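Trainee: Once you've had a glance at the structure underneath, I'll fire off some questions.
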Amino acid sequence: MAFTLPLAAKPGPLPSWITPPPPGAIVTQALVNLKNPITGEIYTVPTGGYTVNISDSDAPRPGTGGPDPRPEVEKPEPRPKPRPFPPHWGRPPAIQTKDIRPLPGGFGQGSSTLAGWIDRNIKSDLANSNKPKPEPKRPPVVRPQKPPRPELSDETKVQLAGIESDKKALMEEMKAKLATLEKDASKEDARKAVEEFKKDNEARFAAIKEAAGKVHEELKAKRPERKERPEPPAAVKAKIAEVKKVEKTLHVARKAVSEKLKEAQDELAAKIAQAKESADKDEVADNIKTLIAEQAAARKAALDEFRAAQKEKHEELKAAQKELRKEVRNTKEEGSSRTSR
């Protein structure tokens, strides 16, 4: 067996297959043996940091003096990535058996536990394929950007401040008038006091209303022009008319009940005033208590009767509003009438 002895480091140039460390590099202070991968020569360098600047691929193959004449063996192609599971299946089983078998549905290979899970999901998808899919969500409505508010002039600001000051003064005077009522005063007494105060200060209320109207007209004149709304289709107009018709019927019924309750309240106030004429205070208190209880029972009965009578109308209103929304959604939006993305 032949041994190759290392060549001691000698003064002079290094072999061409060795590269010294860069100047100033921090290296180990010890002898290091470097081997030429082509010739097998070993050279000892004085410190660390020296590197071999040739590789095994540059070396000629034994017996040829050049590259290896044998054909290169093709590397096997990487395995294709497994097909991902549908998101609605959820996560696969966390605990599985260790056997390997082909998975159904072209999902590669895996355990029999995973195969059973895939098979169940595939059958479930096939069973639900004929069911109607949920309607897609309607895109959000995009409202046009509101125009900036007009800048108020100094004169208008002074007028607004004066209006607010007058309103505040009237409210304070009204509160002072209500504070003069007796502690056991009814709501009807308070209402009459408010109406009397409004009648006494009718000129002041009219002046505030007139000043507010002038300011409103000035703001209206400075308001930027708005684009005209597109005319809705005839089908939508018909549904809107149906909704308004039912709403009007309910409004008339509410107004009638309100008037009836107001008359009952006036009647109660008159009876309480008549009861107060008695000299016996205990009798007066008992009579007033009885009158108020009777009025409360009559009010409750009237409201219950109104709700029962209008229940059908409320259902009719809900149905009309539902049909209107459906018609609006089915209306195709184009051009300037488009309000969604």
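Throughout, read-outs are computed from the coordinates displayed, never taken from laboratory work. Only a predicted model underlies this, so the values are computations on that prediction, with no experimental measurement involved. Cβ placement follows ideal geometry from the backbone for every residue including glycine, while neighbour counts extend to all protein chains displayed.
Trainee: Given a cut-off of 28 Å, what percent of all Cα-Cα pairs of the chain lie beyond it?
Mentor: 80 percent
Trainee: Here's a follow-up. Counting only residues 5 or more places away or on other chains, whose amide H sits under 5 Å from the amide H of Ile18 once H atoms are built in the peptide plane?
Mentor: For Ile18, whose amide H was placed from the backbone, the distant partners under 5 Å are Asn53.
Trainee: Could you derive backbone 3J(HN,Hα) for the stretch 140-153 from the dihedral phi with the Karplus parameters 6.51, -1.76 and 1.60 (θ = phi - 60°), listing whole Hz in sequence and x where the residue is Gly or Pro?
Mentor: Running phi through 6.51 cos²θ - 1.76 cosθ + 1.60 with θ = phi - 60° gives x, 6, 9, 7, x, 5, 5, x, x, 5, x, 6, 7, 6 Hz.
Trainee: Here is a follow-up. Based on the Cα coordinates of the stretch 232-337, what is the per residue volume of their convex hull in Å³?
Mentor: Spread over its residues, the Cα hull of the stretch 232-337 gives 112 Å³ apiece.
Trainee: Under 24 Å Cα-Cα from Lys245, which lysines qualify once same-chain neighbours fewer than 8 residues away are excluded?
Mentor: Partners within reach: Lys237, Lys255, Lys260, Lys311, Lys313, Lys318, Lys322, Lys326.
Trainee: With a sphere of radius 15 Å drawn around the Cβ of Gln310, what net charge do the other residues whose Cβ falls strictly inside it have (Lys, Arg +1; Asp, Glu -1)?
Mentor: +3
Trainee: Can you grab the distance from the C-alpha centre of the stretch 17-38 to the C-alpha centre of the stretch 272-308, Å, no decimals?
Mentor: 114 Å
Trainee: Hey, another quick one. Have a look at Pro144, Ile18, Ala285 and report the one farthest towards the positive end of the charge dipole of the chain, computed about the Cα centre with Cβ charges (Lys/Arg +1, Asp/Glu -1).
Mentor: Of the options given, the answer is Ile18.
Trainee: How high is the relative contact order of the stretch 151-224, in percent, counting Cα pairs under 8 Å that sit 6 or more residues apart?
Mentor: Across the stretch 151-224, relative contact order equals 48 percent.
Trainee: Quick one: putting +1 on the C-beta of Lys and Arg, -1 on the C-beta of Asp and Glu, what dipole do you get for the stretch 232-329 around its Cα centre, in Debye to the nearest 20?
Mentor: Magnitude of the dipole: close to 1080 debye.
Trainee: Charges only on Cβ, +1 for Lys and Arg, -1 for Asp and Glu: so what's the dipole of the chain about the Cα centre, in debye to the nearest 20?
Mentor: 1280 debye
Trainee: A further question on this structure: Sort 290-301, 86-97 by packing, meaning the average of other beta carbons within 10 Å per residue, with the highest value first.
Mentor: 290-301, 86-97
Trainee: While we're here: Once every DSSP H run of n ≥ 4 in the chain is given -39500 (n - 2.57) and the sum is divided by its residues, what mean residue ellipticity at 222 nm do you get, rounded to the nearest 500 deg cm²/dmol?
Mentor: Helices in the chain give a 222 nm mean residue ellipticity of -18000 deg cm²/dmol.
Trainee: So what does the Cα-only Debye profile of the stretch 151-224 read at q = 0.12, 0.16, 0.28 Å⁻¹, as log10 I(q)/I(0), no solvent term?
Mentor: -0.46, -0.67, -1.24
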